[in-house]
Amino acid sequence: MPTLVLSHRYSPDSNALFTAALAAGWDVERLHSFRCPEGLAARAPVFYGETILADAIVDDLGIALLEPTSDWLPRLPERHRLRDVRLTTLADALTIRERVFVKPTDEKCFPARVYADGAALNPDPVLPPDLPVLVSEPVVFEVEFRFFVLEREVATFSPYIRGGELARNAAGEWEADQAEIEAATVSIQAMLADAEVELPPAVVVDVGRMAGRGWGVVEANPAWASGLCGCDPAGVLPVLRRAAVPRGMLTETDRRWARRIG
């Protein structure tokens, strides 16, 4: 059976996955540092945690982690994203003279949000000019859903954001009305069925309702580093397992999506 490898940082999500993995008959290894116990690579490791930890231990684990590429969203057909999005560099983004949404493609080295113009980014001077960033026209997402996707099939999903805040009620439940659930499902299924859309075998895709535009894709992220929201942890486990591929078993398709370090 697989071994779920978790960060030393305890969180509701990692705790939920810990419980689900034990119920599924998996082993669980909670790390206490950025080092792996000897022999862990031989125990079919499946990783869930922060990207900085992933980059530190994947070689020890002998796995490749699958994730969407930096240019995935710009390459997604416009009919699914409903807005202009392009991949560029920090240096280029700083020259933009209009209101724009800017997001670093990896790590949170500056806030992902709408800026009055490129100069308003005011990035840390240590950031390299060629840092990849996504820039897009500003839109308002009224509500968002998170989907864990396995081989182009929805494994589990949950409401995620409403009005810029986590979509949880006073009781802590993740809530959405039936019409929103149906519309979000139609949106994700249309994307998954589209042969022009390239997608990692295991991934998280967020879709949302854009004010004045309708339902479309917000972004895609690595399953192994994404919050669960209200998703069923038992449904997430197979997605995580597919996203952690032993180096010797990588197919050509998998290599397209394997995370590159450095």
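Below, the figures for the structure above:
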quantity: Theoretical ellipticity at 222 nm over the chain - DSSP helices of four or more residues, -39500 (n - 2.57) apiece, nearest 500; calculated: -7000 deg cm²/dmol
quantity: Once exposed loop trypsin sites (Lys or Arg not before Pro) are cut out (DSSP; at most 11 other Cβ, 10 Å), longest piece of the chain; calculated: 109-259
quantity: Computed accessible area, Phe157, all protein chains, 1.4 angstrom probe, square angstrom; calculated: 80
quantity: Percent carbon-and-sulfur accessible area, the chain, ignoring ligands, DNA and RNA, probe 1.4 Å; calculated: 52
quantity: Identified option (computed Kirkwood radius over Cα pairs in Å; candidates [x] 18.0; [y] 20.4; [z] 19.4); calculated: [z]
quantity: The chain - percent relative contact order, Cα under 8 Å, separation 6 or more; calculated: 23
quantity: Cβ-based net charge around Leu40, under 11 Å, with every Lys or Arg adding one and every Asp or Glu removing one; calculated: -2
quantity: GNM result for the chain, Cα springs below 10 Å: residue of Gly164, Gly208, Gly39 fluctuating most strongly; calculated: Gly39
quantity: Computed accessible area, Asp92, all protein chains, 1.4 angstrom probe, square angstrom; calculated: 50
quantity: Gain on full stretching of the segment that runs from Asp124 to Glu142 - 0.36 nm per residue minus C-alpha separation; calculated: 3.4 nm
quantity: Surface per residue (accessible, 1.4 Å probe) for region 111-171, Å²; calculated: 53
quantity: Equivalent ellipsoid semi-axes - Cα gyration tensor, region 1-151, angstrom; calculated: 36, 19, 14
quantity: Inter-site label distance for Glu38 and Ala116 at 7 Å from Cα along Cβ, in nm; calculated: 6.0
quantity: Shape call, region 89-161: gyration tensor on alpha carbons, a/c limit 1.5; calculated: prolate
quantity: Heavy-atom accessible area per residue - region 38-105, 1.4 Å, Å²; calculated: 45
quantity: Heavy-atom accessible area order for His8, His80, His32, largest first, 1.4 Å probe; calculated: His32, His8, His80
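The values are calculated or read from the model by the stated rules, or taken from the named source; none is laboratory data. Since the model is a prediction, treat every value here as computed from it, not as a measurement. Methodologically, a virtual Cβ is constructed for each residue, glycine included, from the backbone with ideal geometry; neighbour enumeration extends over all protein chains shown. Only protein heavy atoms, including side chains, enter the accessible area calculation; ligands, DNA and RNA are left aside. Shrake-Rupley method; radii C 1.70, N 1.55, O 1.52, S 1.80 Å.
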